Amino acid sequence: MRVGHPADTLRHRMTRQVFPQNVIAVIWDFDKTLIPGYMQAPLFDHYGIDAAEFWAEADGLVDFYRSRGHDLVATDTLYLNWMLTYVRHGRMPGLDNRLLRELGGRLHFYEGIPEFLANLKKDVESRFAEHHIHVEHYVISSGLRQMILGSAVAPMLDGVWGCEFAEEVPEPGYLESSSPRLFSPDTTEIREVIYTIDNTTKTRAIFEINKGTNKNPAIDVNASIPHEDRRIPFPNMVYVADGPSDVPVFSIVKQNGGRTYAVYRPGSEAEFAQTKRLLEQGRVHAFGPADYTEGSQTALWITHTVEEIAERIVADRERALAERLGPPPGHLAD
């Protein structure tokens, strides 16, 4: 019988590993994190809509529905239905997903974006090429996914969670027909909300990244998966966002060993104070201005944090290898 060599045991254990856990995820909020304001601005400009009026009406829907006996209202995503109301009443004629993606190309980013995202990927993959460590960028936003996909950062992103509209809506009985009738198929406009992300369900997206559901749909996000079998462990995550609405994700990432960073609009005393409170409350590890140019405080913090994670991955691997192989044989003294 062949006696197993320690290296055989190592190979056996490594082949049983579901994911190599060599990915570092930098996860971004979008509005007021990567861009100075809200992404809907180009949409309002395109249709000549007063943004302040639209948001006042959208925000007012909470009290409107509650005054009519609706105790449960999705406050973060009501604006999506208000957009559909604008479309139905001719305030946004012809608004479809193609136009949303096109308008995403008009978004203006904070200084240093999108170059910083590309450079961070390139630098880490070059420095740690021997260990096959790489960076993936994700956006999780309660904004419009198609606009993000049409923006300048899209080529650098490995996944986007955002709100989605459908243009084609089937009529009742559509399952019984090979050519189902569609509701108002004569015009192409968004007609129905089919996916939403709000400030609390952002945490679900975090777990999808953590468990690898986004890369392998066969993995259910609610499945119980040992931490050593998850694609991107929480300690391999960095979450960057702008404010109190991101507290649920800040908490999940930070409590599980990931790193968190809050940004504020450069020169804004109010936003500075807001992010400072997040630090004082223990929500984030650090904060700084939303300036991602080379050498800036925020670019340096994110870069150094990602490199520290990469170095820790390498150290963990080398320690595990040494533990599994054991010390080499040596001569015994008489």
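The values are calculated or read from the model by the stated rules, or taken from the named source; none is laboratory data. All values reported here derive from a predicted model rather than from experimental measurement. Ideal geometry is used to build each Cβ from the backbone, glycine not excepted, and the neighbour counts take in all protein chains shown.
When only residues in segment 83-118 that are in a helix (DSSP H, G or I) and among the charged types (D, E, K, R) count, which is nearest to residue 141 (Cα to Cα)?
Among residues in segment 83-118 that are in a helix (DSSP H, G or I) and among the charged types (D, E, K, R), the one nearest to residue 141 (Cα to Cα) is 101.
What number of residues within segment 159-182 are in contact (Cβ under 8 Å) with a residue 24 or more places away in the chain and either buried (at least 16 other Cβ atoms within 10 Å of the Cβ) or assigned to a helix (DSSP H, G or I) (or both)?
Within segment 159-182, residues that are in contact (Cβ under 8 Å) with a residue 24 or more places away in the chain and either buried (at least 16 other Cβ atoms within 10 Å of the Cβ) or assigned to a helix (DSSP H, G or I) (or both) number 7.
What are the residues in segment 57-95 that are within 17 Å of residue 165 (Cβ to Cβ), in contact with a Phe, Trp or Tyr (Cβ under 9 Å, 6 or more places away or on another chain) and without any contact (Cβ under 8 Å) to a residue 40 or more places away in the chain, if any?
Selection gives 58, 78, 79, 82, 86.
I'm trying to understand the selection: among the residues of segment 53-67, which are more than 23 Å from residue 148 (Cβ to Cβ) and either part of a helix (DSSP H, G or I) or touching a strand residue (DSSP E or B) at 6+ places or on another chain (Cβ under 7 Å) (or both)?
Correct list: 53, 56, 57, 60, 61, 62, 63, 64, 65, 66.
If you scan segment 119-141, which residues turn out to be more than 21 Å from residue 250 (Cβ to Cβ), assigned to a strand (DSSP E or B) and out of contact with any Lys or Arg (no Cβ under 8 Å at 6 or more places or on another chain)?
None; the set is empty.
Among the residues of segment 310-328, is there at least one that is touching a residue at least 60 places away in the same chain (Cβ under 8 Å) and in contact with a strand residue (DSSP E or B) (Cβ under 9 Å, 6 or more places away or on another chain)?
yes
Given the condition closer than 21 Å to residue 196 by Cβ, at pLDDT below 95 and within 25 Å of the chain's Cα centre (by Cα), answer yes or no: does some residue in segment 61-71 qualify?
Checked segment 61-71: no residue is closer than 21 Å to residue 196 by Cβ, at pLDDT below 95 and within 25 Å of the chain's Cα centre (by Cα).
Based on this model, can you work out whether residue 252 counts as free of Cβ contacts under 8 Å to residues at least 60 places away in the same chain and crowded, with 19+ Cβ neighbours inside 10 Å?
Yes, satisfied.
Is it the case that segment 212-228 has a residue that's under 13 Å from the mean Cα position of the chain (by Cα) and touching a residue at least 24 places away in the same chain (Cβ under 8 Å)?
Within segment 212-228, one or more residues are under 13 Å from the mean Cα position of the chain (by Cα) and touching a residue at least 24 places away in the same chain (Cβ under 8 Å).
Of everything in segment 208-241, what is charged (D, E, K, R), surrounded by 18 or more Cβ atoms within 10 Å (Cβ to Cβ) and part of a helix (DSSP H, G or I)? Give them in sequence order.
Once the filter is applied, which keeps residues that are charged (D, E, K, R), surrounded by 18 or more Cβ atoms within 10 Å (Cβ to Cβ) and part of a helix (DSSP H, G or I), segment 208-241 yields 208, 211.
Among (1) under 30 Å from residue 96 (Cα atoms); (2) out of contact with any Asp or Glu (no Cβ under 8 Å at 6 or more places or on another chain), there is one condition residue 252 misses while meeting the rest; what is its number?
In the conditions (1) under 30 Å from residue 96 (Cα atoms); (2) out of contact with any Asp or Glu (no Cβ under 8 Å at 6 or more places or on another chain), residue 252 misses (1) alone.
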